[in-house]
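Take a look at the structure set out below.
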Amino acid sequence: MAIEINHIKKESLNFMEIINLNLDASLNIYNQAVLKRTSSIQLFDMSKLSLHNDNSMILFKIHGEIEGFLIAHISGKKTIEFNSEHFKSLFIESFNILTGKFLTNIDNNLGLMCTLSVPREIDSLIPFSQSKYKHKFITKLDLITLSNTYQCKLLFIGNEKKLKEV
Amino acid sequence: MEAIDNYRILIVDDSDFSRQNISSMLTDSRYNIIGEASSAKEAVSILQDRKAHIAIIDVVMPEISGIELAEKINNTFQDTQVIMISSLAQENIVIDAISVGASDFLQKPFTKETLINSIEKIISTISEG
């Protein structure tokens, strides 16, 4: 369930807070899994993340009043699990749901309209290390399935085009 | 009017996991899943071959979106009612879906009860028609 925003003016929120408040804390994925945030949104330094030649990242492109990318990454157990088509599909759909609800929350709460691309697999963050992307945030989540718990990271790389006045 | 005791349903979603979940929700013997498509093109191919009373369609799909597919179904397969599904539920998307003839819009993740209620509402209109 999204954290409610009560009496908070947009101009007093920085962009990190906007993401933090609109990204669901926990999501039940059709009783097959739960996606649960285990950290708040934090800044991250791309150079300190060694995510190259890593084939367990899923990218969602965001267009609209926020332009950027949300990248979901599974840590640990990745090679074995990502070779399973069922698990990969569960992982992708879980983050598709989280991402879609995030954009819906942002529209409902702040009037920021954005769309989401079809997810695609990527194996490197190098293309995203360009300085044109002002914001780079990270949060950690657990993907809890019926049989296991997987530690995941969700990265946001991008810019807000314009935050409207309240 | 001939009574229908078997409602033919097509599931269209590029996510295998999503299709499997929807399929597992529709275990009532009155629901006959006539096919599962991972793309709009595949869905049209199925509909050209087999009639469906209801198509459950994801909005965000590669190449041809679910909205475009719903519009095509509204124009070409007029006996098929559409339920749009998506993780996105902004007002403009819901309006787009309704404007191309979708009978309902469900935000993911939805419960079995929500999906069944949506299907049953459509069935009641088919039965009354």
Carbon plus sulfur fraction of accessible area for the protein assembly as shown, probe 1.4 Å, in percent: 47 percent
Contact surface B-A: accessible area buried, both sides summed, square angstrom, 1.4 angstrom probe: 1800 Å²
Projected label distance in nm at A:K161 and A:T145, using a 7 Å step from Cα toward the beta-carbon: 3.8 nm
Spherically averaged projected area of segment B:59-105 from its Cα convex hull (nm²): 3.0 nm²
20 Å cut-off, amide nitrogen to a point 7 angstrom out along A:N108 Cα→Cβ, residues in segment A:17-43: A:17-31, A:34-37
Per residue accessible area in Å² of segment B:24-112, where ligands, DNA and RNA are left out and the probe is 1.4 Å: 45 Å²
Loop trypsin sites (Lys or Arg not before Pro), segment B:47-129, which have at most 15 other Cβ atoms in a 10 Å radius of their Cβ (DSSP): B:R50, B:K51
Nitroxide proxy distance, nm - points 7 Å out along Cα→Cβ at B:T76 and B:T27: 3.5 nm
Enclosed volume per residue, in Å³, of the convex hull spanned by Cα atoms of segment B:75-129: 79 Å³
All-pairs Cα distance distribution in chain B, expressed in whole percent, bin size 10 Å: 13, 50, 33, 4
Where labels lie 7 Å past Cα in the beta-carbon direction, separation of A:D123 and A:S47 in nm: 2.6 nm
Sequence-distant residues sharing a close amide H with A:I29 (under 5 Å, placed H): A:V34, A:L35
Chain lengthening between B:S39 and B:I95 when straightened (0.36 nm per residue, less Cα-Cα): 18.0 nm
R0 of 35 Å, Cβ-Cβ distance B:E113-A:E67: FRET efficiency to nearest 0.05: 0.40
At 0.890 mPa s and 25 °C, Stokes D of the protein assembly as shown from Kirkwood alpha-carbon radius, µm² per second: 122 µm²/s
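The values are calculated or read from the model by the stated rules, or taken from the named source; none is laboratory data. Keep in mind the model is a prediction, meaning the values are calculated, not measured. Here Cβ is always computed from backbone atoms with ideal geometry, including for glycine, and neighbour counts include all displayed protein chains. Only protein heavy atoms, including side chains, enter the accessible area calculation; ligands, DNA and RNA are left aside. Shrake-Rupley method; radii C 1.70, N 1.55, O 1.52, S 1.80 Å.
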